[in-house]
Amino acid sequence: MKPIPLAPDHFPELRSALLAHYDREARDLPWRRDRDPYRVLVSEIMLQQTRVDTVVGYYDRWLERFPTVSSLADADEGEVMKAWEGLGYYRRARNLHGAAKAVRERPQGFPRSSDELRALPGVGEYTAGAVASIVFGEVTPAVDGNVRRVLARLYDEPDPKPAWLRERAAELVDRGRPGDWNQAVMELGATVCTPQGPRCETCPLSVWCAAREAGTAEKRPAARKAKVVPHGRFVLAVVEMGGQVLLQRRPAGGLLGGLWAFPEQRVPDEAGRRDGSGEEAVGGTAIGIAIGIAEGLGLRVEGEHVRLPAVSHRFSHLHATYLPVVLRVGPGAEGVASGGGWQADGIGEELEEVRPLRWIGPDDSEVALPVAQRKVLQAWHEARSSKEVACESRR
DNA sequence: GACCCGTGGAC
DNA sequence: TGTCCAAGGGT
């Protein structure tokens, strides 16, 4: 069947076909149960660069803990980060928290237009369009990765530019059901017009699809060349005292910002070693570096220092190898994680914790830890447990 | 436009 | 095992 060249004359028929498909096949997702602006905003922020299956659990727990925009605005930042733990791109959590505070400060309440939504932290062009169309019925496009792929195939365009995508998406939006339309295109991209193995046989748009006719669907849009991901190595100071370890809160803004982690120091990477075995090249110096980290925190280490197995972790833009070293400190070290305070940063109204250090146990469930740090904590706990067992057996 | 920013699942 | 990449935003 030869496709019909897609002209504006065909838009009404195309819209009806996709909306009918959506009405029939749409997945039952938690954030589709109602059109509460706060809930839809939460879902859209969580869904940024994150799969639906991953988000569902976080979404339900989040709304249980922060059911309204004001409850989120009033929440402690540590609790917000804890609720986001494991979801990644942690700046989203702080931005969502900031957005809730911004909404609370608005006399008009929740922003009702895409332009106003765009002013909230963490809300860009896509998210503003999605919320405005879904919740408030604004006739505006929402171009995400799915929409980009669907349009690239529909027009057989190898390298669709943002401006071109915005124009195509805007002219196609269904005037009566803009929110359903935007979700329908995304849903099609996620379930039918997939990156690999698109199911053109079942696609309601196939009769208009130029890529299907040309046999180029799977090549549209053209793949971007993969970048080489650099490797980094970090010595971690696992400072142990009385069954607890010392964590430091990472500065907001950077990698894993706002989460708690073992104090670290980056060490030069061994050229050509990407297999994670390069830690041996550091040899005993890792312990010396770890001691330096601890001393920099005002701690005096004593007794035996033991290295834990290296932990490899892939971030989106960095392949990290962590070299954890367990250090012992004597009584009196509690003070490094107390006596801290809060201090204005002199710019905004936010308070910055002066000494973000704290002791935690192996089963701590209060602080938000990155996945790799959780692995190190677990390795420390297991090493410690096995040693205790060994001591027991000698008695 | 390029780069930074997490994680887990599919192949 | 390596590779891709998923309902992007900020700088």
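The values are calculated or read from the model by the stated rules, or taken from the named source; none is laboratory data. Because the structure is predicted, anything quoted here is derived from the model rather than measured. FYI the Cβ positions are ideal-geometry reconstructions off the backbone, even for glycines, and counts take in every protein chain you see.
Each row is one residue, and each column tells you yes or no for (1) part of a loop (DSSP other than H, G, I, E, B); (2) more than 16 Å from DNA strand B (Cβ to nearest atom); (3) under 18 Å from A:Val131 (Cα atoms); (4) modelled with pLDDT of 95 or more.
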residue	(1), (2), (3), (4)
A:Pro12	no, yes, no, yes
A:Arg15	no, yes, no, yes
A:Met81	no, no, no, yes
A:Ala93	no, no, yes, yes
A:Gln108	yes, yes, yes, yes
A:Pro111	yes, yes, yes, yes
So, in region A:66-90, exactly how many residues are surrounded by fewer than 19 Cβ atoms within 10 Å (Cβ to Cβ) and farther than 16 Å from A:Val367 by Cβ? 8
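Please specify each residue of region A:176-188 satisfying the condition of being of a type in the set (A, V, I, L, M) and either surrounded by fewer than 19 Cβ atoms within 10 Å (Cβ to Cβ) or more than 8 Å from DNA strand C (Cβ to nearest atom) (or both). It would help to see each step written out before you state the result.
Going residue by residue through region A:176-188, those that are of a type in the set (A, V, I, L, M) are A:184-186, A:188.
Within region A:176-188, A:Ala184, A:Val185, A:Leu188 meet the criteria.
Filter region A:118-164 for residues that are among the acidic types (Asp, Glu) and within 14 Å of DNA strand B (Cβ to nearest atom) and give the result. Explain how you work it out, then say what you get.
Of region A:118-164, the ones among the acidic types (Asp, Glu) are A:125, A:138, A:144, A:156-157, A:159.
If the condition is that a residue be among the acidic types (Asp, Glu) and within 14 Å of DNA strand B (Cβ to nearest atom), then A:Glu125, A:Asp144, A:Glu157, A:Asp159 are the ones that fit.
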Checking A:Leu154 against (1) hydrophobic (A, V, I, L, M, F, W, C); (2) within 24 Å of A:Thr50 (Cα to Cα); (3) more than 11 Å from DNA strand C (Cβ to nearest atom), which single condition isn't satisfied? (2)
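Name the single residue, out of those in region A:364-395 being acidic (Asp, Glu) and at pLDDT 70 or above, that is farthest from A:Gly86 (Cα to Cα).
Of region A:364-395, the ones acidic (Asp, Glu) are A:364, A:366, A:382, A:388, A:392.
Imposing the further condition that a residue be at pLDDT 70 or above reduces the set to A:364, A:366, A:382.
Numbers: A:Asp364: 15, A:Glu366: 14, A:Glu382: 21 Å.
If we take residues in region A:364-395 being acidic (Asp, Glu) and at pLDDT 70 or above, then A:Glu382 is farthest from A:Gly86 (Cα to Cα).
Whether any residue in region A:166-175 is within 11 Å of DNA strand C (Cβ to nearest atom), basic (Lys, Arg) and out of contact with any strand residue (DSSP E or B) (no Cβ under 6 Å at 6 or more places or on another chain) is what I want to check. Even if it seems obvious, please write down each step before you answer.
Residues of region A:166-175 within 11 Å of DNA strand C (Cβ to nearest atom): none.
No - not one qualifying residue is present in region A:166-175.
Can we say A:Val192 is more than 15 Å from DNA strand B (Cβ to nearest atom) and modelled with pLDDT of 95 or more?
Working: more than 15 Å from DNA strand B (Cβ to nearest atom): no; modelled with pLDDT of 95 or more: yes.
Considered against the rule, which asks whether it is more than 15 Å from DNA strand B (Cβ to nearest atom) and modelled with pLDDT of 95 or more, A:Val192 comes out as no.
Anything in region A:176-221 that is among the charged types (D, E, K, R) and within 14 Å of A:Ala26 (Cα to Cα)? List them, or say none. Walk me through it before giving the result.
Step one: filter region A:176-221 for residues among the charged types (D, E, K, R), giving A:177, A:180, A:187, A:199, A:201, A:212-213, A:218-220.
Of everything in region A:176-221, those that are among the charged types (D, E, K, R) and within 14 Å of A:Ala26 (Cα to Cα) turn out to be A:Asp180, A:Glu187.
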Meets criteria (surrounded by 15 or more Cβ atoms within 10 Å (Cβ to Cβ) and more than 25 Å from A:Arg249 (Cα to Cα)) for A:Leu29: yes
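Name the one entry in A:Ala17, A:Ala7 that is more than 26 Å from A:Val123 (Cβ to Cβ) and surrounded by 14 or more Cβ atoms within 10 Å (Cβ to Cβ).
Details: A:Ala7 fails: surrounded by 14 or more Cβ atoms within 10 Å (Cβ to Cβ).
A:Ala17 is the lone residue from the list that is more than 26 Å from A:Val123 (Cβ to Cβ) and surrounded by 14 or more Cβ atoms within 10 Å (Cβ to Cβ).
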I'm trying to understand the selection: among the residues of region A:189-232, which are part of a loop (DSSP other than H, G, I, E, B), more than 30 Å from A:Pro268 (Cβ to Cβ), of a type in the set (Lys, Arg) and within 14 Å of DNA strand C (Cβ to nearest atom)? A:Arg220, A:Arg224
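Are any residues in region A:134-188 of a type in the set (Lys, Arg) and outside any loop (DSSP other than H, G, I, E, B), and if so, which ones? Steps first, answer last, please.
First pass over region A:134-188, keeping only residues of a type in the set (Lys, Arg): A:148-149, A:153, A:161, A:166, A:168, A:175, A:177.
Within region A:134-188, A:Arg148, A:Arg149, A:Arg153, A:Arg166, A:Arg168 qualify.
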